[in-house]
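Below is one structure; the comments refer to it alone.
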Amino acid sequence: MKKKMNIAIVGLGNIGSYFFNYLKNNKNALFSKTNTTPNILYISAKSLNKKRKFKIPKKLWLKNFFLAAKIKEVDIIVELIGGAEGAAKKLVFEALKNKKHVITANKALVAKYGDQLAKIAEKNKVNFEFEAAVCGGIPIIRSIKEGLIANNIGKIYGILNGTSNYILSSMDKDNLEYKEALLKAQKLGYAETNPSSDLNGDDVASKLKILAALSFNSFINNKSILIEGIKNIDRTDIHNANQLGYKIKLVGIAESNNNKIIQRVHPSLIKEKSYIAKINGVLNAVIAESKPAGQTVLQGEGAGPGPTTSSLISDLCSVLRGNIKFPFVISDKKRKIYSFENINNKKFSVYLRIDVKDKHGILSDITKVMAKNKVSIKRLIQNPTANKKNASIIIITHQAKSSSLARVLYILKNKKYVLSSPKLIRIEDI
């Protein structure tokens with residue numbers, strides 16, 4: 001006799017619709033791989049009457065999707081509503097409390113409430129799965145949980161957002177300004193109408209916090225994380241980086257050293273010959289540095305209905321096989337309380353761009369400010385503007401404390417000869 005598990009899909013946007021149709025058409029294939037039939041018992045969303053490319057059988061429609069968490073026959077809830085608060089939060093908490101397995105693609109929810117949700121799931125011996133929440137179709141979470149389970153991960157980093165990566169790639173390859181590249185991304189469907197979380201670094205931060213907790217067996221830390229986006233990067237910075245032998249990428253980096261963890265998201269200058277520098281367009285790439293495996297690299301489509309469904313199905317198959325696992329690799333009781341630190345004491349080499357009035361003594365004053373704050377110059381380029389009344393001073397520094405670099409930036413910003421806020425972009429050897 002065939003074993004089956006009943007599923008409620010909540011949320012029918014691009015991903016929910018794709019997932020529903022995939023599951024409907026591949027039931028038999030999934031049964032052959034798991035020995036359990038995934039049976040769609042209910043589907044629900046805001047509106048039944050919304051125009052869709054497929055018809056929803058009325059017998060499957062659940063008008064009030066909160067009921068999915070209470071109906072006895074429902075075994076698995078696939079939450080595809082999105083957002084850290086509101087309906088998604090209420091549904092997932094309620095489902096786990098009622099001993100339903102939960103599969104989600106909701107990175108914001110996992111990053112904010114993952115620890116609480118994992119504790120409930122563990123207590124009730126159900127799965128809380130979120131492979132699809134990080135980097136679309138790249139199986140990075142399962143790789144950490146299973147493939148790298150023997151390893152001690154010291155650092156995990158990469159390009160975790162396809163929208164920002166596409167914009168920076170377009171600015172570079174097509175010689176576009178930031179706003180032009182954003183418009184192009186929106187026209188092609190790579191950027192949302194409101195893409196702020198992709199561009200200000202919040203999307204990468206959510207993913208990085210989840211990866212850090214998994215990699216270091218720690219709890220999620222939402223406080224100590226540097227988050228900078230790409231809105232201040234312009235074509236001049238892209239050109240300067242190319243001239244210096246670098247590419248600009250928005251990266252997320254989490255590293256553990258002596259039981260101290262630093263999490264950061266920011267644009268970086270990366271040597272043009274490095275692997276990460278060559279990841280262009282909407283692709284994502286994640287690199288884990290661990291012992292004894294060494295460096296592990298995963299690359300692929302970071303978003304979209306197809307890649308995300310691939311990860312959702314991976315989680316679904318894990319549940320169908322009856323594998324009850326701890327959501328964050330180890331038991332909640334064994335997860336470690338680490339010290340999460342800000343970057344003030346971490347040393348960086350940086351790119352500084354200071355647009356100034358082209359007057360005698362300005363360069364001398366800049367170098368004095370830097371010397372006073374223990375920041376030394378490795379390389380300096382001075383580019384006069386077309387009218388020769390202004391100049392752009394490009395400085396590559398030797399490694400210096402982040403707090404010292406911040407002080408230099410603050411002092412220079414308030415100098416009368418500086419025309420606009422100086423730019424600081426960290427240089428990463430990754």
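The values are calculated or read from the model by the stated rules, or taken from the named source; none is laboratory data. Just so we're clear, the structure is a prediction, and the values are computed from it rather than from any experiment. Backbone-built Cβ (ideal geometry, glycine too); neighbour counts: all protein chains shown.
Structural remarks
- Residue within region 269-276 that is under 18 Å from the mean Cα position of the chain (by Cα), in the same structural domain as ILE210 (by TED's automatic domain parsing) and assigned to a strand (DSSP E or B) present: no
- Restricting attention to region 155-165, the residues that are at pLDDT 95 or above and surrounded by fewer than 24 Cβ atoms within 10 Å (Cβ to Cβ) add up to 2.
- Filtered residues of region 313-337 (kept if of a type in the set (A, V, I, L, M, F, W, C) and either closer than 19 Å to ASN124 by Cβ or in contact with a Gly (Cβ under 8 Å, 6 or more places away or on another chain) (or both)): LEU316, VAL319, LEU320, ILE324, PHE326, PHE328, VAL329, ILE330
- Failed item in (1) farther than 30 Å from SER197 by Cβ; (2) not in a helix (DSSP H, G or I), with LEU30 passing the rest: (2)
- Checking each residue in region 221-238 for being assigned to a loop (DSSP other than H, G, I, E, B), in contact (Cβ under 8 Å) with a residue 40 or more places away in the chain and either under 14 Å from the mean Cα position of the chain (by Cα) or under 25 Å from ARG353 (Cβ atoms) (or both) picks out ASN222, GLY229, ILE230, LYS231, ASN232, ILE233, ASP234.
- Leading residue by the ranking (modelled with the highest pLDDT) among those in region 179-193 that are part of a loop (DSSP other than H, G, I, E, B) and surrounded by 15 or more Cβ atoms within 10 Å (Cβ to Cβ): TYR190
- Residue satisfying condition, being small (Gly, Ala, Ser), in the same structural domain as ILE253 (by TED's automatic domain parsing) and at pLDDT below 95, within set SER169, SER196: SER196
- Per-region count, region 372-387, residues among the aliphatic types (A, V, I, L, M), surrounded by 12 or more Cβ atoms within 10 Å (Cβ to Cβ) and not in a strand (DSSP E or B): 1
- Residue in region 87-97 that is closer than 14 Å to ALA8 by Cα and aromatic (Phe, Trp, Tyr) present: no
- Failed criterion for LYS368 (all others in (1) in a loop (DSSP other than H, G, I, E, B); (2) without any contact (Cβ under 8 Å) to a residue 24 or more places away in the chain; (3) not polar (S, T, N, Q) hold): (1)
- Restricting attention to region 334-347 and to residues that are surrounded by fewer than 20 Cβ atoms within 10 Å (Cβ to Cβ) and farther than 27 Å from ALA132 by Cβ, the residue that is modelled with the lowest pLDDT turns out to be ILE337.
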